[in-house]
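The values are calculated or read from the model by the stated rules, or taken from the named source; none is laboratory data. Remember, predicted model here, so these are calculated numbers, not experimental data. Here the Cβ positions follow ideal geometry from the backbone for every residue, glycine too, while neighbour counts run over all protein chains shown. Calculation scope for accessible area: heavy atoms of the full protein, side chains included, ligands and nucleic acids excluded. Shrake-Rupley method; radii C 1.70, N 1.55, O 1.52, S 1.80 Å.
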Amino acid sequence: MSSFIVEMSPLAFAIVNVPVSVTTSLMNMFFVYCMFSSDGSEKGLKPPLNVLVGSLIGCNLLLNICNLVFVIYKTVYVPLWAYIASCALILYAMRTSFTASLGLNVIYYFQIVPARHPCLIWVKTHIKLFMYCMLVFDRIFFSFGFILQVVPGRVFISAADYNSSSILTSRGLILRYYLTLTDFWLRCCYCFICLGIMVASNTSTALYLWKHVKSMENSSSLTALHYRKQKRVTVLSIIQTVLFFVSSGWLITDELMFRFNINFNPTGHVLFSIVAFYAFGTSIILGVGQSKFRLRAVDIVKKIGRIVLRSNLNVGDGNVNFRLGDTGKG
């Protein structure tokens with residue numbers, strides 16, 4: 001086995017991942033609170049946007065909880081099956097979050113760019129059905145790889161082969177090898193298709209806004225405000241595409257090295273750190289891009305500021321009264 005090692009020490013892994021994962025988890029818990037609470041003045045997310053955002057939040061929470069679990073694994077002994085299951089779970093959450101990000105990009109594209117091609121018109125008309133089918137297919141597709149990764153190899157070996165010298169050439173292990181290889185190349189194709197769709201939608205949106213920038217800037221303030229909102233969504237979508245490219249590219253590279261027996265990232269520290277930063281970046285994009293989350297955060301910050309200001313004023317009044325009392329005694 002050849003070696004090309006890119007690795008982090010357990011201490012560096014903990015120093016990097018614990019603050020990032022804790023911060024990201026708290027952000028996504030806040031998003032969950034925002035989605036299930038309303039003061040009546042805020043507009044809730046409409047389907048399928050709420051389903052995609054909820055799916056992305058759930059994936060981010062699962063990713064970061066698993067990252068914190070991996071930090072704990074470095075300090076205590078855990079069975080091999082628990083380590084394998086946790087690794088498979090974090091990869092499953094990572095891959096399913098890609099689909100949610102793709103769905104959000106597609107929805108933003110149809111919200112900004114008018115559909116003219118008959119195929120695009122059909123997709124926009126049936127966008128709910130299209131997104132729900134995509135999410136169901138995504139879960140089924142990646143569950144197949146999750147099961148292959150979690151199920152032990154001996155399950156694929158018959159009793160006759162297990163007790164003979166032909167265990168390494170048994171039909172069960174050969175079948176598992178080809179199933180795993182097929183799953184890998186299908187996931188590679190899936191990532192390339194997702195990346196192509198995201199790049200195409202973001203490029204089309206940017207070109208559309210660039211063509212209409214002059215007319216929107218010279219029009220009413222309401223139209224200019226609408227343009228700034230579209231521009232913000234487009235910039236965030238482009239950043240999300242960059243995060244997708246880096247994360248999916250590293251996942252594919254890491255698995256390619258494994259397929260060709262190259263010792264690349266044996267402990268997975270670098271991979272899980274990239275996963276943590278992907279979830280962190282995605283959470284920031286959600287917080288900035290979704291007005292419900294952004295406005296609720298601003299409202300909470302204002303309330304905290306008022307409470308702090310009142311407490312400071314009360315402390316100041318108490319000090320003044322205390323000094324006046326001392327003066328009267330004198």
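Brief remarks follow.
- Taking label points 7 Å from Cα along the Cα-to-Cβ direction, Leu186 and Trp210 give a separation of 3.8 nm.
- Take the convex hull of the alpha carbons in region 233-300; its mean projected area over all directions comes to 5.4 nm².
- For region 290-310 versus region 34-113, the spacing of their alpha-carbon centroids is 25 Å.
- Highest average packing first - 93-103, 26-36, Cβ atoms within 10 Å: 93-103, 26-36
- Order of exposure, largest accessible area first, which applies to Ile65, Ile300, Ile285 with probe 1.4 Å: Ile65, Ile300, Ile285
- If R0 equals 41 Å, the separation of the Cβ atoms of Ile15 and Arg116 corresponds to a calculated FRET efficiency of about 0.20.
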